[in-house]
Amino acid sequence: MPTPLIALYPGTFDALTYGHLDIINRGARTFDKLIVAVAKNIAKTPMFTVEEREEAIRAEAGHLVNVEIRAFSTLTVAYATSIGAKVVIRGLRAASDFEYELQMSMMNRQLESRVETVFLAPSPQTFFVSSSLVKDVLLQGGDISKFVPPSTETMLREKFRDQIVSIE
Ligand code: COA
């Protein structure tokens, strides 16, 4: 029997958007097993704890039988190797993502040449979505229901309830 092809989808997921979920669904359809891994990213100051971010992903993707949700605090390639993942997947939304993503993929290849980065094109509906834009829209009283799943919207509204501007 061929060895199952395991892919790792690493990210900060702060907050989880339909864009991330789109990549998770595509990854789950494409690979035998998908590990979605929340980074304890030292370069960012996340709004949500690692546990909250894991929980948010579990609430929306926990039903996918070949998907596991975990957290990691090492180099992405080291984590990929430790779980037997030969592929790291990342969404490539626009030209603005390209330079950053290419740089990361090349660095990752220098660090561990046995791990390949595969870029997945997002759906047109999520092309422009990012976590910070969603937060911005929410704080200014805008409707974010098209960009994040209901469980994440609830978490965001709870977190920022004193700061959301009313536009009524
Ligand atoms: N849909 C919607 N938004 C998306 C998206 C998609 N498909 N893909 C990325 N984004 C957005 C996120 O919402 C986030 O937006 P924000 O900047 O407004 O908050 C941004 O793009 C990036 O988020 P994310 O995908 O979570 O990735 P990241 O760049 O924060 O995380 C890691 C990158 C975790 C993969 C990287 O930091 C890493 O590998 N860390 C581990 C340490 C390491 O190995 N370092 C060396 C790397 S070479």
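Taking residues in the range 22-47 that are outside any helix (DSSP H, G or I), and partners anywhere that are surrounded by fewer than 17 Cβ atoms within 10 Å (Cβ to Cβ) and of a type in the set (Phe, Trp, Tyr), the pairs with Cβ atoms closer than 9 Å and at least 6 places apart or on different chains are Met47/Phe160.
Residue pairs whose Cβ atoms lie under 6 Å apart, separated by 6 or more positions or on different chains, with the first residue in the range 104-130 and among the aromatic types (Phe, Trp, Tyr) and the second modelled with pLDDT of 95 or more and loosely packed, with under 15 Cβ neighbours inside 10 Å, do not occur.
Consider Ser96 carefully, then state whether it is among the hydroxyl-bearing types (Ser, Thr, Tyr), surrounded by fewer than 15 Cβ atoms within 10 Å (Cβ to Cβ) and modelled with pLDDT under 95. Criteria met by Ser96. Residue check: is Tyr18 at pLDDT 95 or above, aromatic (Phe, Trp, Tyr) and farther than 28 Å from Gln125 by Cβ? No; evaluated as a whole, the condition is false for this residue. Of the residues screened, Glu68 is not one that is in contact with a Ser or Thr (Cβ under 7 Å, 6 or more places away or on another chain) and surrounded by 13 or more Cβ atoms within 10 Å (Cβ to Cβ). Counted as qualifying within the range 72-168 are the helices (runs of 4 or more DSSP H) with 3 or more residues that are within 12 Å of the ligand (Cβ to nearest atom), namely 76-82, 95-111, 131-139. Ala59 falls short on exactly one of the conditions (1) over 30 Å from Val165 (Cα atoms); (2) modelled with pLDDT of 95 or more; (3) touching a helix residue (DSSP H, G or I) at 6+ places or on another chain (Cβ under 7 Å), and that condition is (1). Only residues that are in contact with a helix residue (DSSP H, G or I) (Cβ under 9 Å, 6 or more places away or on another chain) and within 13 Å of the ligand (Cβ to nearest atom) were counted across the range 8-34, and they come to 18.
The values are calculated or read from the model by the stated rules, or taken from the named source; none is laboratory data. All values reported here derive from a predicted model rather than from experimental measurement. Using ideal geometry, Cβ is built from the backbone for each residue, glycine included, and neighbour counts are taken over all protein chains shown.
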